[in-house]
Amino acid sequence: MVESWIVIGAVTFFIALGSFFITPRDVKWFALLTRPQWLIFEPLIPFIWTIIFVCGAASANIVWQKNPGSAITCLLMGLYLLLEIITVAYIPLMLRLRSLDVGEKIGLAGLIFSVVLAVCVFPISWIAALLLVPYLLWSPIGTYTTDELRQLNPEDA
């Protein structure tokens, strides 16, 4: 029997690889956008998201361990999966479509789903809910940053 943390970690890893569907042309467009002066932490963003994904996978594993295979647990695993897919879709879709508006909407959807997930998980495990706090804190920052980019680059909104 394969351990749940291995399955959850593998699923998290392989979905995160979806962000590599970016072409150099798409990255060049994003690199040329005007950025807010306060955006000094941009090089840290990949590390921040790595921590968020690890915390999310740990949260999912705790929820799974509480009641493995139950209908509620399977629905929650679906919510975790949907949240990760939304999160990973942000960069490729925004860059491929060259639309900051799309990026902002995806970021807002991620924020809403993370709140729903945290509320659903809290009665099962407050620790699992606590592990979602990095997402809950960072997602509004990312969405706000995308909104600022949209305002500074109206031709790319």
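The values are calculated or read from the model by the stated rules, or taken from the named source; none is laboratory data. Remember, predicted model here, so these are calculated numbers, not experimental data. Note that we place each Cβ from the backbone using ideal geometry, even for glycine, and neighbour counts take in every protein chain shown. When the accessible area is computed, the model is the full protein with side chains, heavy atoms only, and any ligands, DNA or RNA have been set aside. Shrake-Rupley method; radii C 1.70, N 1.55, O 1.52, S 1.80 Å.
Rounding to the nearest 10 and keeping the result within 0 to 90°, find how far the Cα-based axis of helix 133-152 lies from the longest principal axis of the chain.
The angle comes out at about 20 degrees.
Compare D147, D26, D101 by solvent-accessible area with a 1.4 Å probe and give them largest first, with all protein chains kept in place.
D101, D147, D26
Explain nothing, just compute: Karplus ³J(HN,Hα) = 6.51 cos²θ - 1.76 cosθ + 1.60, θ = phi - 60°, for every residue of segment 41-50 in order, whole Hz, x for Gly and Pro.
Using θ = phi - 60°, the values come out as 9, 3, x, 7, 4, x, 5, 4, 5, 4 Hz.
Express in nm, to one decimal, how much length is gained between V133 and R35 on full extension, taking 0.36 nm for each residue of separation and deducting their alpha carbon distance.
My answer for the length gained is 32.6 nm.
Need one word for segment 43-83: rounded, prolate or oblate. Basis is the Cα gyration tensor (sqrt eigenvalues a ≥ b ≥ c); a/c below 1.5 gives rounded, then a/b vs b/c decides.
oblate
Given (i) 22.3, 72; (ii) 15.4, 45; (iii) 16.5, 53 as candidate values of Rg and Dmax of the Cα atoms in Å, which corresponds to the one derived from the coordinates?
Here the calculated entry is (iii).
Helix-only estimate, please: 222 nm mean residue ellipticity of the chain, summing -39500 (n - 2.57) across DSSP H runs of length 4 or more and dividing by its residues, to the nearest 500.
-25000 deg cm²/dmol
Could you tell me how many degrees, from 0 to 90 and to the nearest 10, lie between the Cα long axis of helix 4-16 and the main elongation axis, the longest principal axis, of the Cα atoms of the chain?
Relative to the chain, helix 4-16 is tipped by roughly 10 degrees.
With unit charges on the beta carbons (Lys and Arg positive, Asp and Glu negative) and the dipole taken about the Cα centre of the chain, which residue among V88, W29, F122 sits farthest to the positive side?
The one lying farthest along the dipole's positive direction is V88.
Based on the mean of other Cβ atoms within 10 Å per residue, sort peptides 54-62, 137-145 so the most packed one is first.
Per-residue mean Cβ counts within 10 Å order the peptides as 54-62, 137-145.
Within 10 Å, count the other beta carbons around each residue, average over each peptide in 108-118, 27-37, and list them highest first.
Ranked by mean Cβ neighbours within 10 Å, highest first: 108-118, 27-37.
Given charges of +1 on the Cβ of Lys and Arg and -1 on the Cβ of Asp and Glu, with all other atoms neutral, how large is the dipole of the chain about its Cα centre, in debye to the nearest 20?
160
At 7 Å along Cα-to-Cβ for each site, give me the label-to-label distance between N153 and I51 in nm.
Taking the two extended label points, one gets 2.6 nm.
In Å², and per residue, what accessible area does the chain have when probed at 1.4 Å with the other protein chains present?
Value for the chain: 58 Å² per residue.
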